[in-house]
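Step one of this worksheet: look at the structure below.
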Amino acid sequence: MSFFRWIFKRNRNKVEIDEGKLPDHIAIIMDGNGRWAKRRGLPRNVGHREGANALRRVVLSCNEIGIKYLTVYAFSTENWKRPKSEVDALMNLLIEFLKSADRELAGKNVRICVIGDVEGLPLNIQKEIQRVTKSTSRNTGLNFNIALNYGSRAEMLYAVKAVADEVKKGKMKIDEISEQVISERLYTREIPDPDLIIRTSGEQRISNFLLWQIAYAEFWFTDVLWPDFNGDILLEAVKQYQNRNRRFGGI
Ligand code: IPE
Ligand code: IPE
Ligand code: MG
């Protein structure tokens, strides 16, 4: 239902989006689930449930517009600090999301990947990740990356240790360590750097997300809380992205 409504609105807005100048990679910090619930006098977990629904909508929207890569921040290495009941609820939602993903995305050609410290996640989630990434691995449409138990500093630390190990074993010389060598040892090795990064809920910070990869990304912040996010707001972000002048240090 919401999918068709979205197409209608999109067509109405169509002139404003340059289909030839789409960002290849959009990364989203999905923030504000807790505040969304609080404003309604509901438990935080209801906000997370609605947040998962917003994500379902946005994946379809990105796929429909023709975005090649979408990376969403779903659970950070710091989010373990939350009360156990909230962490458990988030893990349960995650399992539910992954289990229903193939059915909901059937025929949409979406490839699902996970970035982050997967081994630090509960076993049932690891199994579900393996299953869903395998079952979608041949798809050639939207590359949908979910950052789970992800922390950018941990990711870079892991890369540095991997490089140090190769140098120690004589497989690489110090002079051979380049930006590319580092990039190839990050979780995102197969993903181009984000062009556009979106954060919802009014916060204007990165919270340990893709620090290396966003060197030249365009930032777009909105006060909208994540559960209220939809395809129209995504188009608004893309429209503003298209008005930016990316110089990459040049003139
Ligand atoms: C984002 O919403 C979801 C996760 C971090 C898992 P929050 O739970 O951070 O919502 P707020 O920031 O408390 O409103
Ligand atoms: C960032 O949101 C992490 C995710 C969206 C998964 P947080 O709500 O955890 O970030 P802070 O604590 O406000 O920086
Ligand atoms: Mg938050």
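Restricting the first member to the stretch 46-73 and to residues that are free of Cβ contacts under 8 Å to residues at least 24 places away in the same chain, and the second to residues that are in a helix (DSSP H, G or I) and within 16 Å of ligand 2 (Cβ to nearest atom), the beta-carbon pairs closer than 8 Å and six or more apart or on different chains are V46/A37. The residue pairs whose first member lies in the stretch 216-229 and is over 11 Å from R199 (Cβ atoms), whose second member is more than 14 Å from ligand 1 (Cβ to nearest atom), and whose beta carbons are closer than 6 Å, counting only pairs six or more residues apart or on different chains, are Y216/F248; A217/P194; A217/I197; E218/L196; E218/Y241; E218/R244.
Can you go through L157, L210, L148, L186 and tell me which one is among the aliphatic types (A, V, I, L, M) and in a helix (DSSP H, G or I)?
Numbers: L210 fails: in a helix (DSSP H, G or I); L148 fails: in a helix (DSSP H, G or I); L186 fails: in a helix (DSSP H, G or I).
Residue meeting the stated conditions: L157.
I want to confirm something. Restricting to the stretch 1-52 and keeping residues that are loosely packed, with under 13 Cβ neighbours inside 10 Å and modelled with pLDDT of 95 or more, which single residue is nearest to ligand 1 (Cβ to nearest atom)? Filtering the stretch 1-52 for residues that are loosely packed, with under 13 Cβ neighbours inside 10 Å and modelled with pLDDT of 95 or more, the one nearest to ligand 1 (Cβ to nearest atom) comes out as R39.
Taking each residue of the stretch 21-42 that is in contact (Cβ under 8 Å) with a residue 24 or more places away in the chain and of a type outside the set (A, V, I, L, M, F, W, C) and looking for partners that are assigned to a helix (DSSP H, G or I) and open to solvent by 30 Å² or more (accessible area, probe 1.4 Å) with beta-carbon atoms closer than 8 Å, six or more apart or interchain, yields N33/R44; N33/E50. Applying the set (1) farther than 20 Å from D24 by Cα; (2) open to solvent by 60 Å² or more (accessible area, probe 1.4 Å); (3) free of Cβ contacts under 8 Å to residues at least 12 places away in the same chain; (4) outside any helix (DSSP H, G or I) to D175 leaves exactly one unmet item: (4). Restricting the stretch 54-75 to residues that are open to solvent by 10 Å² or more (accessible area, probe 1.4 Å) and within 13 Å of the chain's Cα centre (by Cα), which is farthest from ligand 2 (Cβ to nearest atom)? Restricting to residues being open to solvent by 10 Å² or more (accessible area, probe 1.4 Å) and within 13 Å of the chain's Cα centre (by Cα), the top hit is K68. The condition (being within 16 Å of ligand 2 (Cβ to nearest atom) and without any contact (Cβ under 8 Å) to a residue 24 or more places away in the chain) is satisfied by just one residue among R189, R205: R205.
Conditions (1) open to solvent by less than 70 Å² (accessible area, probe 1.4 Å); (2) of a type outside the set (D, E); (3) modelled with pLDDT of 95 or more; (4) more than 14 Å from the chain's Cα centre (by Cα), marked per residue:
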position: S85; (1), (2), (3), (4): no, yes, yes, yes
position: L98; (1), (2), (3), (4): yes, yes, yes, yes
position: A106; (1), (2), (3), (4): yes, yes, no, yes
position: I115; (1), (2), (3), (4): yes, yes, yes, no
position: L123; (1), (2), (3), (4): no, yes, yes, yes
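Does R57 satisfy the condition of being at pLDDT 95 or above and in contact with a Ser or Thr (Cβ under 8 Å, 6 or more places away or on another chain)? Taking the combined requirement at face value, the residue satisfies it. Residue pairs whose Cβ atoms lie under 6 Å apart, separated by 6 or more positions or on different chains, with the first residue in the stretch 118-146 and at negative phi and the second among the hydrophobic types (A, V, I, L, M, F, W, C) and in a loop (DSSP other than H, G, I, E, B), are N139/V110; G141/V110; L142/V110; F144/V110.
The values are calculated or read from the model by the stated rules, or taken from the named source; none is laboratory data. This one's a predicted model, so the numbers in the text were calculated from it and none came from an experiment. In this analysis, Cβ positions are derived from the backbone assuming ideal geometry, glycine residues included, and neighbour counts consider all displayed protein chains. Heads up: the accessible areas ignore ligands, DNA and RNA and are worked out on the full protein's heavy atoms, side chains in. Shrake-Rupley method; radii C 1.70, N 1.55, O 1.52, S 1.80 Å.
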